[in-house]
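The values are calculated or read from the model by the stated rules, or taken from the named source; none is laboratory data. Since the structure is predicted, the reported quantities are computational estimates derived from the model, not experimental observations. Positions of Cβ are backbone-derived with ideal geometry, glycine not excepted, and every protein chain shown enters the neighbour counts. These accessible areas exclude ligands, DNA and RNA; they are computed on the full protein's heavy atoms, side chains included. Shrake-Rupley method; radii C 1.70, N 1.55, O 1.52, S 1.80 Å.
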Amino acid sequence: MTHQHLEIGQEISHPVGRTITEHDDTLFSLMSMNQHPVHIDANYAAATQHGQRLVVGPLVIAIVIGISEAMFGGRATVTLEYRDIKHVRPVFHGDTIYARSRVLSRTESEVTIASEGLNQRGEVVLSLERRVELR
């Protein structure tokens, strides 16, 4: 699908999912210097309300954005803005993230998309909006 076919109100379910492994999360936590123990210390995380390590939020954001990139057909040149990012539910090692998107607004050169990340149970775990420049 290329951006010429993107219409306001159009909804897209992105077919590819991504299972997040412990390795993915640990590496991303270390690369991003997020050393909060809920992400890297299993003993600490076991004593929290979730009882296990949480996947670091920016990794979930990156996966949802990556999954939804195909809707632009390689035409997105610049992401101009991210906004209204909400972590709705926790994400754990072994969860598979899927995405769906809706076109909020569009001009010839820009499009604003609302995307949601869903886990393997179909529960929304993340929502965000982004404005993208098209070529």
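List the residue pairs whose Cβ atoms are under 6 Å apart, where the first residue sits in the stretch 71-83 and is within 18 Å of A99 (Cβ to Cβ) and aromatic (F, W, Y), the second is at pLDDT 70 or above and open to solvent by less than 60 Å² (accessible area, probe 1.4 Å), and the two are 6 or more positions apart or on different chains.
Listed by first residue and then by second, the contacts come to Y82/R130.
Looking only at the stretch 28-38, decide whether some residue is of a type in the set (A, V, I, L, M, F, W, C), within 15 Å of the chain's Cα centre (by Cα) and either crowded, with 16+ Cβ neighbours inside 10 Å or not in a helix (DSSP H, G or I) (or both).
Among the residues of the stretch 28-38, at least one is of a type in the set (A, V, I, L, M, F, W, C), within 15 Å of the chain's Cα centre (by Cα) and either crowded, with 16+ Cβ neighbours inside 10 Å or not in a helix (DSSP H, G or I) (or both), which makes the answer yes.
State all residues of the stretch 39-53 that are open to solvent by less than 30 Å² (accessible area, probe 1.4 Å) and out of contact with any Ser or Thr (no Cβ under 7 Å at 6 or more places or on another chain); if no residue qualifies, say none. Show your work before the answer.
First pass over the stretch 39-53, keeping only residues open to solvent by less than 30 Å² (accessible area, probe 1.4 Å): 39, 45, 53.
Passing the criteria: A45, R53.
Select from the stretch 97-135 the residues that are in contact (Cβ under 8 Å) with a residue 60 or more places away in the chain and under 13 Å from the mean Cα position of the chain (by Cα) and list them in ascending order.
I97, Y98, A99, R100, S101, V125, L126, L128, R130
What is the number of the single condition among (1) at pLDDT below 95; (2) open to solvent by less than 20 Å² (accessible area, probe 1.4 Å); (3) assigned to a helix (DSSP H, G or I) that V64 does not meet?
(1)
Do you know which residues across the stretch 10-27 are open to solvent by 60 Å² or more (accessible area, probe 1.4 Å) and part of a strand (DSSP E or B)?
E11, S13, P15, V16, R18, T19
Only residues in the stretch 37-57 that are touching a residue at least 40 places away in the same chain (Cβ under 8 Å) count as the first member; pair them with residues that are of a type in the set (G, A, S) and part of a helix (DSSP H, G or I), Cβ under 8 angstrom, at least 6 apart or cross-chain, and list the lot.
Q52/A42; Q52/A45; Q52/A46; R53/A42; R53/A45
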